[in-house]
Amino acid sequence: MINILVIEDDTSISNLIVTTLVREGYMCEPALDGRKGLELYETGKFDLILLDLMLPEISGYNLLETIREGTTPVIIISAMNQVQDRIRGLKMGADDYLSKPFQIGELVARVESVLRRVNKTSPEIVIDDVVVNTDSRSVAKNGAPVDLTNKEFDLLVLLIQNKNVALNRSYLYESVWHDWYTGDTRTLDNHIQRLRKKLDWGDRIETVFRIGYRFKA
């Protein structure tokens, strides 16, 4: 069973996360400060860490520096939701960044997405007549290869792995391009349009007004 370490000093948020993930079939162990989180992490028994940044005893950023020396994936969950905070966390090695307040359904989707990427339980994702292979980074439709650029492929996988979740443009851009999102939507929007055309997925990749895009599963 997947074991998740939740390092979050807000008791109500910690309880909500733990209760939700246990209901989804995961094992969870909470830590309410950075020092306890480090002690639990060093036991080496966790498959994923959910990490707040503003923690007593040891800060989330300092914890992240230690954790990234190993192989355990990390999702940052923080009220520090400025662009520079997200970029700093991702560049320091976090696998994902979820800003507070968040919808609990999005948290579950992010957890599933990161675990799939890390464990690679199945490299093939099959959706109707489209097959996406994350190992070979290839896509086929009706058995015929679909030529995607690296960014188009990364964007496609990110959307699929967060099925039915509205992802904002800043998150999509920073996750795929690993750069600061300045508000210019042209690059992202053009890539979305090309994906829709190449896969004939005009009805699958939905535009979410004033937010971004969602893959409809």
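Obtain the nm distance between the two label points defined at Glu57 and Asp128 by a simple spin-label model: each point lies 7 Å from its Cα along the Cα-to-C-beta direction.
Between Glu57 and Asp128, the label points sit 5.1 nm apart.
With contacts defined as alpha carbon pairs under 8 Å and 6 or more residues apart, what's the relative contact order of the chain in percent?
13 percent
Take the chain, mark every one of the trypsin sites (Lys or Arg not before Pro) that falls in a DSSP loop and has at most 12 other Cβ within 10 Å, then report the longest stretch left between them, sites excluded.
Looking at the chain, 121-209 is the longest stretch - no exposed trypsin sites (Lys or Arg not before Pro) with at most 12 other Cβ atoms within 10 Å.
If the viscosity is 1.002 mPa s and the temperature 20 °C, what Stokes-Einstein diffusion coefficient in µm²/s follows for region 39-179 when Rh is the Kirkwood radius over Cα pairs?
Roughly 131 µm²/s, to the nearest whole number.
Taking a ≥ b ≥ c as the square roots of the eigenvalues of the Cα gyration tensor of region 3-118, is the shape rounded (a/c under 1.5), prolate (a/b larger than b/c) or oblate?
It is rounded, given that a/c, with a ≥ b ≥ c, falls under 1.5.
Can you give me the distance in nm between label points at Phe209 and Thr19, each placed 7 Å from the Cα along the Cα-to-Cβ direction?
So the label points at Phe209 and Thr19 sit 3.3 nm apart.
Based on DSSP H runs of at least 4 residues, each adding -39500 (n - 2.57), what is the mean residue ellipticity at 222 nm of the chain after dividing by all its residues, to the nearest 500 deg cm²/dmol?
So the helix-based figure for the chain works out to -12500 deg cm²/dmol.
Run the numbers for Thr66 and Asn142: contour at 0.36 nm per residue of separation, minus the present Cα-Cα distance, in nm.
22.8 nm
Just to be sure I understand the model, the point goes 7 Å from the Cα along the line to the Cβ. What's the resulting Ala166 to Asp200 distance in nm?
Going by the 7 Å Cα→Cβ label model, 3.0 nm.
Every number in this text was worked out from the coordinates using simple rules, so none of it is lab data. Because the structure is predicted, anything quoted here is derived from the model rather than measured. Note that we place each Cβ from the backbone using ideal geometry, even for glycine, and neighbour counts take in every protein chain shown.
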